[in-house]
1. Quick check on Q74: is it open to solvent by 20 Å² or more (accessible area, probe 1.4 Å), in contact with a strand residue (DSSP E or B) (Cβ under 6 Å, 6 or more places away or on another chain) and not charged (D, E, K, R)?
2. Given the conditions (1) under 22 Å from A359 (Cβ atoms); (2) more than 17 Å from the chain's Cα centre (by Cα), report the number of the one that A49 does not fulfil.
3. What are the residues in region 307-319 that are open to solvent by 20 Å² or more (accessible area, probe 1.4 Å) and touching a residue at least 60 places away in the same chain (Cβ under 8 Å), if any?
4. Give just the number: which of (1) farther than 29 Å from G114 by Cβ; (2) within 16 Å of the ligand (Cβ to nearest atom); (3) buried (at least 16 other Cβ atoms within 10 Å of the Cβ) does D54 not satisfy?
5. Does G133 satisfy the condition of being open to solvent by 20 Å² or more (accessible area, probe 1.4 Å) and within 16 Å of the ligand (Cβ to nearest atom)?
6. Return the residues of region 288-304 that are closer than 19 Å to V248 by Cβ and open to solvent by 10 Å² or more (accessible area, probe 1.4 Å); say none if nothing qualifies.
7. Considering F82, F162, F180, F143, which residue is modelled with pLDDT of 95 or more, within 16 Å of the ligand (Cβ to nearest atom) and part of a helix (DSSP H, G or I)?
8. Which ranges mark the strands (runs of 3 or more DSSP E) fully within region 207-285 that have 2 or more residues being over 30 Å from E51 (Cβ atoms) and not basic (K, R)?
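The values are calculated or read from the model by the stated rules, or taken from the named source; none is laboratory data. No experiment lies behind these values; they were computed from the predicted model shown. Methodologically, a virtual Cβ is constructed for each residue, glycine included, from the backbone with ideal geometry; neighbour enumeration extends over all protein chains shown. The accessibility values were calculated without ligands, DNA or RNA, using every heavy atom of the protein model including side chains. Shrake-Rupley method; radii C 1.70, N 1.55, O 1.52, S 1.80 Å.
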Amino acid sequence: MSRATSATIHVDALRHNLGVMRRLAPSSRVLAVVKADGYGHGLERVAHALEGADGFGVAALADAERLRAAGLSQRIVLLSGFDEPSDLPALRRLGVDTVLHHDSQLDMLAAEPGTQPPVRVWLKIDSGMHRLGFAPQRAREVFDRLRALPNVDDDIVLMTHFAASDEFDIPRTAQQQSAFEAAIADLPGARSMANSAAVIGWPTTHAHWIRAGGALYGLSAVAGRSGVDLGLQPAMTLSTRLVAINRVAKGEPVGYGGSYACPEDMAIGIAAIGYGDGYPRSAPSGTSVLVNGERAPIVGRVSMDLVAIDLRGQPQAKVGDPVVLWGRGLPIEEVAEAAGTIGYELACGITRRVRFVEA
Ligand SMILES: *Cc1c(COP(=O)(O)O)cnc(C)c1O
C-alpha cells in the first residue's frame, strides 16, 4: 500500500465560502487572498475554484506568474509590494497591481518616470497595526507624489489592514477604521480595509474591496469559533489510514519519550501521519481524530511519520480504516487550539509528501 496520507480539497466548499463572503458584503468587490499557495490548499486549484472572485491577492510575484500561466485573467494584487526595480517590468508584463507601503518603493518608481504602461498602485496606510504602511498624516503627500508620476496609474486604491478585527468586542478595529478614513477623507479612489474577520464582524469596513483569505478556506479567524460556526465549510480534509493495531499492556509507554503510559491493557492504533506531513508535533495526548468517522484521542508524542491513537472506544477498528485529522466532521480550529496555534498555520503547513486530491 502506498502512503495513504492525503489532503482532500473541497472545491464546492471554496465556492460556497466565496458566496458567504459575497452575501455578507454585497456591495463590495472580492479580492480572494491566495498567498502561501492558497493557504496551503494549492494555488492554481484554489484560483480556478474561485474564478468568480474579482481579483486575487498574492504575497509573491512568482505566485502572480503562476496565476497568469494558469490562464487566470482577473486583477491580481501583490500584497507586500515590490522589492526591487527589476520587479517593475514583471508587474507590467503580468498586469499585476502592487501595494505601495514604503518610501523605498516610491523612490524606485520615481527612478523610471517614462516607463509605460503605468503601474496600478494600492496605497497602504498604517492605521495602527504598525507592520506595513505610511503614517496617516503622510497619506495626502504620498498620494500627490504618486499622482505626479507618469508611470503610475491615476486610479489609486487606498487600503489599510486590521490587527485585531477578530476581536469583536474591543474598539481597536473601529479606531483603525476612523484613523484610516480621516487620513484619506479628501482623496479620491476606491477603499479597501476588511480581511475575513472584518467581513464577518465589522460591516462598516466593507467599502469597495474586501480582501478575504481564511474564510474562503473555511478557516475561522475568530477565537473560540470554528469556521463551521460561522457558516463556512472546510475546504480541506486531511486524512490517512490505520497501518497497525497493537495490544499494549497496562503501564507500558507509547511512542518517543514514553510520555503516555497505558492506563490498562488496550488497543493502540497507529496512523500514517506525523509532523513530516504537517500534523503538529505540539498536538498533545487527547487531541481528537476521527476513526471511521468517530472521535478517538491521540496518545503519546506525534512522530515524523506516525501517530498513536487510543482505540478503546473502537473495538471494531481494523488496519486500513480511515482516519481524519481535520476537515469535514472535525474542525481544524479544535486541533489548532490543542496544539497552541491557529487553523491558518496548520493549513499552510501541509508538506509536499502529502497527496492532494480534489473532490
Ligand atoms: C493575508 C491578508 C488578508 C487576508 O486575511 P484573512 O484574515 O486571511 O482574511 C487581507 N489583506 C492583507 C493585506 C493580507 O496580507
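1. Criteria met by Q74.
2. Answer for A49: the failing condition is (2).
3. Selection gives K318, V319.
4. Result: D54 fails condition (3) only.
5. yes
6. P297, R301, S303
7. Exactly one of F82, F162, F180, F143 is modelled with pLDDT of 95 or more, within 16 Å of the ligand (Cβ to nearest atom) and part of a helix (DSSP H, G or I), namely F180.
8. Fully inside region 207-285 and qualifying: 236-248, 266-271.
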